[in-house]
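Data first, discussion second: the structure below is written as structure tokens.
The values are calculated or read from the model by the stated rules, or taken from the named source; none is laboratory data. What you see is a predicted model, and the numbers here were worked out from it, not measured in a lab. Cβ atoms come from the backbone with ideal geometry, glycine included; neighbour counts cover every protein chain shown. For the accessible areas, the whole protein counts, side chains as well, though only heavy atoms, and no ligand, DNA or RNA atoms are used. Shrake-Rupley method; radii C 1.70, N 1.55, O 1.52, S 1.80 Å.
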Amino acid sequence: MASWWQQGRTLLLLALLGISAESSVSGLKECLIVQSARGSTVSCHGPTEFPRPLPADTVHLSVEFSNLTQLPATALQGCPRLRELHLSSNRLQALPPGLLAPVPGLRVLDLTRNALRGLAPGLFRASGALRTLVLRENQLRAASERWLWGLRALGHLDLAGNRLRSLPARLLAGLQALHTLDLGDNLLETLPAGLLRGPRRLQRLHLEGNRLQRLGDGLLAPQPFLRVLFLNDNQLTTVEAGAFRGLRQLDMLDLSNNSLTSTPPGLWASLGRPARDMQEGFDVSHNPWVCDRALADLCRWLDANRHKMFSQNDTRCAEPEAVRGRRLLDLAELRSL
């Protein structure tokens, strides 16, 4: 009698939650399955192996915070309607080349915090609908220009927190729809001048937390619609005069925590007032600025745009001795030169 009562209570709870009773007692014991008119959402936390079989109408699948080191090549067969796949916080070291072939309508793939060292060429051959790809906090070291082939609809690419030291010039060649690119917190020392020639309307670019020493004229030139640019926490000593030329829609710029001592005349001409108000602000703090006549152009620009300047009290002179520690905004004698 007790067994019958417990079974009935379980069925009642499943019904109240909108969960498939049949699926809950099959091979998906560690998963919560919620059904709706658009399809099933399957959420698995801590399974010891990839859940199978999946409901044929699965549209959202999460298998996270587990110790999965590999996936069966046929893991996604039988759920052709899948739109989102979340596999974060596992220990995946590689993905089978044909893993995504059965789910051509996939739009979101999240692989955050795994142990991936590379991607199989052709992995995304059938992923023309994918819009968001998150690969942050893996073990990626050397990117191949073939990694991202097939991702013609990709809008958001996150490669942050890996160990990338260099990138091929044609890595983004086919990503015409890309609007957000995150390459932060890697080991990048240089970037090829042609890296950004693939995307048509890039709006956000994250390069913070790398080892970049120089920002040349050619890198940003193909992206006139760029709105947000993070270059903080690098080792920049040089930003060339034409580096920002044409970026007339830039609303946010972070150059803080670098090794800049000066900037060339004309660098700031297309940014801020009077051409455009930087709506989200800018930061040039924590650089070893040498406050001599060569810095006059920057000081005048800072004065005209102080209403959008972050960390004003931390933007100070490092040299010469006579003005060491003074705020750049207070150097009226330089602005008048």
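Some observations on this one:
- Computed about the Cα centre, the dipole magnitude for the chain is approximately 820 debye when only Lys and Arg (+1) and Asp and Glu (-1) carry charge, each at its Cβ.
- Inter-label distance, nm, simple model (7 Å from Cα along the C-beta direction), Phe225/Ala169: 2.5 nm
- Angle in degrees between helix 2-17 and the longest Cα principal axis of the chain, rounded to the nearest 10: 40 degrees
- For Ser62, residues with placed amide H under 5 Å, excluding near neighbours: Val42, Ser43, Cys44, His86
- With N as its number of residues, the stretch 141-245 has a Cα radius of gyration that, divided by 2.2 N^0.38 Å, comes to 0.98.
- Annotation: the chain has a Kirkwood hydrodynamic radius of 22.7 angstrom, from the mean reciprocal C-alpha pair distance.
- Part-to-part distance (alpha-carbon centres) for the stretch 69-108 and the stretch 168-228, which is given in Å: 28 Å
- Using a Förster distance of 30 Å, the FRET efficiency for Arg326-Arg197 (Cβ separation, nearest 0.05): 0.10
- Protection proxy ranking for 222-230, 178-186, using the average of other Cβ atoms within 10 Å per residue and placing the highest first: 178-186, 222-230.
- Taking label positions 7 Å along the Cα-Cβ direction at both Arg38 and Gln235, the computed distance is 4.7 nm, reported to one decimal.
- Sorting 119-128, 40-49 by their mean Cβ neighbour count within 10 Å, with the most densely packed peptide first, gives 119-128, 40-49.
- Solvent exposure of the chain amounts to 47 Å² per residue of accessible area, where only protein heavy atoms count and the probe is 1.4 Å.
- Separation of alpha-carbon centers, the stretch 30-62 and the stretch 230-247, rounded to whole Å: 46 Å
- Protein accessible area in the chain, 1.4 Å probe - carbon and sulfur %: 50 percent
- Contact order relative to length of the chain, as percent, for alpha carbon pairs under 8 angstrom and 6 or more apart: 7 percent
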